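Quick notes on the structure that follows.
What follows is calculated from the coordinates using simple rules that are stated; it is not laboratory data. Since the model is a prediction, treat every value here as computed from it, not as a measurement. Using ideal geometry, Cβ is built from the backbone for each residue, glycine included, and neighbour counts are taken over all protein chains shown.
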Amino acid sequence: MVPYYRSLEKMAHQASITGEDWDRFVERTHVRHVQQGMYLIEADEPVKHAYFCSEGLFRLFYTLADGREYNVGFSPEDDYVTSYGAMVKGEASTFTIEAMEDSVVIEIPYNVLTELMDTSHMWERFVRKSVERLYIRKEERERELLYLSAKERYHAFLLKYPGLDKRIAQYHIASYIGISPVSLSRLLRSDPH
């Protein structure tokens with residue numbers, strides 16, 4: 001169990017979280033194995049947990065009315081993954097989170113997180129910094145979609161997710177940058193990076 005917590009523990013240590021507070025956190029969270037293709041969170045389901053990806057990879061996607069899927073993000077190892085808005089509001093998620101590889105997450109119940117934040121300024125700071133990171137990523141993503149060309153969005157994807165282009169199918173990248181797989185193939189032929 002401990003190896004799965006290693007990165008998260010390092011982050012907690014950097015936030016000056018005490019050993020006693022860290023032990024409380026570990027006791028009240030769980031290691032969960034998620035097989036490739038399984039959903040961590042499904043659209044229209046309530047969200048009661050945040051997750052930290054220790055190993056593997058997840059994609060966050062919306063399913064449109066016509067059945068097409070639109071990737072809005074990826075969460076590789078050492079990253080958080082959840083529907084944060086749905087979790088905080090106690091509502092159902094509007095998107096789905098799927099394991100793209102066999103993965104391991106730390107499952108963090110939201111009520112545990114709020115209790116830790118209520119009793120420790122260090123945990124409050126830790127969570128705030130984590131949420132700031134998610135918010136900045138969301139803001140960057142919106143800017144990319146509004147202002148960048150497909151080629152620029154592809155290069156932004158490569159910078160944001162180094163090596164991910166070798167781990168996932170091109171159609172997932174195409175969906176993420178908002179073009180068809182055929183258009184991405186054309187783009188890659190004309191500019192192989």
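For the chain, what does the helix formula give at 222 nm: sum of -39500 (n - 2.57) over DSSP H segments with n ≥ 4, over the residue count, nearest 500 deg cm²/dmol?
Rounded to the nearest 500, the figure is -15000 deg cm²/dmol.
What spacing in nm lies between the two simple spin-label points modelled at Glu77 and Arg143, each 7 Å away from Cα in the Cβ direction?
Once both label points are built, they end up 3.0 nm from each other.
Going by average Cβ neighbours within 10 Å, how do the peptides 106-113, 17-24 rank, with the highest at the top?
My ranking of the peptides, most packed first, is 106-113, 17-24.
Order 122-128, 61-67 from most to least packed using the mean count of other Cβ atoms within 10 Å.
122-128, 61-67
Which entries in Lys48/Lys129; Lys138/Lys160; Lys129/Lys151; Lys10/Lys138; Lys129/Lys160; Lys10/Lys166 show an alpha-carbon gap greater than 22 Å? All intermediate terms of the calculation are to be shown ahead of the outcome.
Values: Lys48/Lys129 20 Å; Lys138/Lys160 12 Å; Lys129/Lys151 31 Å; Lys10/Lys138 24 Å; Lys129/Lys160 18 Å; Lys10/Lys166 28 Å.
Lys129/Lys151; Lys10/Lys138; Lys10/Lys166, as the Cα separations exceed 22 Å there.
In terms of modelled amide H atoms, which long-range or inter-chain residues lie less than 5 Å from the amide H of Ala50?
Counting only residues 5 or more places away or on other chains, the set is Ile108, Tyr110.
If a/c stays under 1.5 just call it rounded; otherwise compare a/b with b/c (prolate if a/b is bigger, oblate if not). Do that for region 76-122, with a ≥ b ≥ c from the square roots of the Cα gyration tensor eigenvalues.
Oblate shape, in that a/c is at least 1.5 and b/c is the bigger or equal ratio.
Which whole-Hz ³J(HN,Hα) couplings does region 182-191 yield from phi under the Karplus relation 6.51 cos²θ - 1.76 cosθ + 1.60, θ = phi - 60°, glycine and proline marked x?
Values per residue, Gly and Pro as x: 5, 5, 5, 4, 4, 4, 5, 5, 7, 8 Hz.
Long-range amide H contacts for Leu40: which residues qualify at under 5 Å (H placed 1.01 Å from N, peptide plane, sequence gap of 5 or more or a different chain)?
HN-HN under 5 Å from Leu40: Ile97, Glu98, Ala99.
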